[in-house]
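**Q** Take this structure, written in structure tokens, and hold onto it; I'll ask about it next.
All of the numbers you see were taken from the coordinates with simple rules; none came from a lab. Treat the numbers as computed from the prediction; the structure is a model and nothing was measured. Every residue, glycine as well, gets a Cβ built from its backbone with ideal geometry; the counts of neighbours run over all protein chains shown.
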Amino acid sequence: MNATFKHHFELLIACIIYGTVGIFMELLRDMSIGSIIFYRVLFGLSAILLYLAITGNLSQLSLKGKKNYLLLLGILYVAQMFSYYSAIRYLGASSAVLLLYTDPIYLTLLAPLLLGEKNTGKTIFALFLGLIGVFYVTRPEGGFEQLEFGSSYLKGVVFGLIGGLFSSGVIISVRYLRDEYNGLTQLFWQSVISLVFLSPFAISLPGHVLAANLHILMLFGVLITGVGAVFYIRGVAGVSAITGSVLTLLEPVSCIFFDYKVLGSPIHSGMLIGSIFILAAALVISLDNIAFLKTLIFTEKINFGKELFLRKKELFRVQDE
């Protein structure tokens, strides 16, 4: 497995795990958004520290340069999660996650300016497909003209779009820090900074509410922060900012699936159409080229030996430069 494909695979696993967020938000009761995020991060961070202590790798958490950017990463992460979870409360997980993944719009503008990365025809096309998917999934049943000022739906849309903006900032920060800190170190300090900013919400939470939700919060934290975030940060740090953003559009598909199969949430036709476009966008950005896609569709013989892997490695290297 070459390095680029490995990073793509890590992002795919993270997307599936992140798709369960709606289940946990449905199970948690009488908790504010800030307190949910605090305890989710706390238990996830505890699991990571235990693992590092057992394996003797705590030394990799030492601080080096770019400390201000680590602080910025933590702040952006808190803002992203607060906006995203608020959107879930107003809209439901399926629609909220699609609005969160409007970050390719911001990245298309910011990545060339901040990271010097160039947009290609492939990323623009994939972005176009993804945005069509976002439109269909988030469109109200009666059309956008039925939106009322101050409605829960409109609040959810605003929170979702703000979350997408902060999400683009997280992706750019992670990529900027990757030469100084590995993914696990970034995750650790990002979580520590998050706990500092969110501690007032934890203090204000009544003890009986925490006790009633404790088992769910522990599982939520270990799965999302302790497992999913590791895969996400490792994956997104190994691909270009725009490529990583478009590829993680698979998360909404996962989220809709869990909402339907586990929570029994209804799926309207717009969600199905939007999911198709989102999946198509992820495929476009992941596969080498149109020729390889045609070969895959028509099941022609493919040489999966050394020559193909060398060819894929070279194509991915060119793509990420």
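**Q** Evaluate 2.2 N^0.38 Å with N set to the residue count of segment 152-256, then give the Cα radius of gyration divided by it.
**A** For segment 152-256, the normalised Cα radius of gyration comes out at 1.24.
**Q** Here is a further query. If you project the alpha carbons of segment 51-105 onto the principal axes, what extent comes out on each, in Å, largest first?
**A** Computed over the Cα atoms, the extents are 43, 28, 18 Å.
**Q** What does the convex hull of the Cα atoms of segment 2-113 come to per residue, in Å³, rounded to a whole number?
**A** Residue-normalised Cα hull volume stands at 164 Å³.
**Q** At most 13 other Cβ atoms within 10 Å and a DSSP loop assignment: could you name the trypsin sites (Lys or Arg not before Pro) in segment 1-80 that fit?
**A** Here the trypsin sites (Lys or Arg not before Pro) that fit, given the DSSP loop and packing criteria, are Arg29, Lys64.
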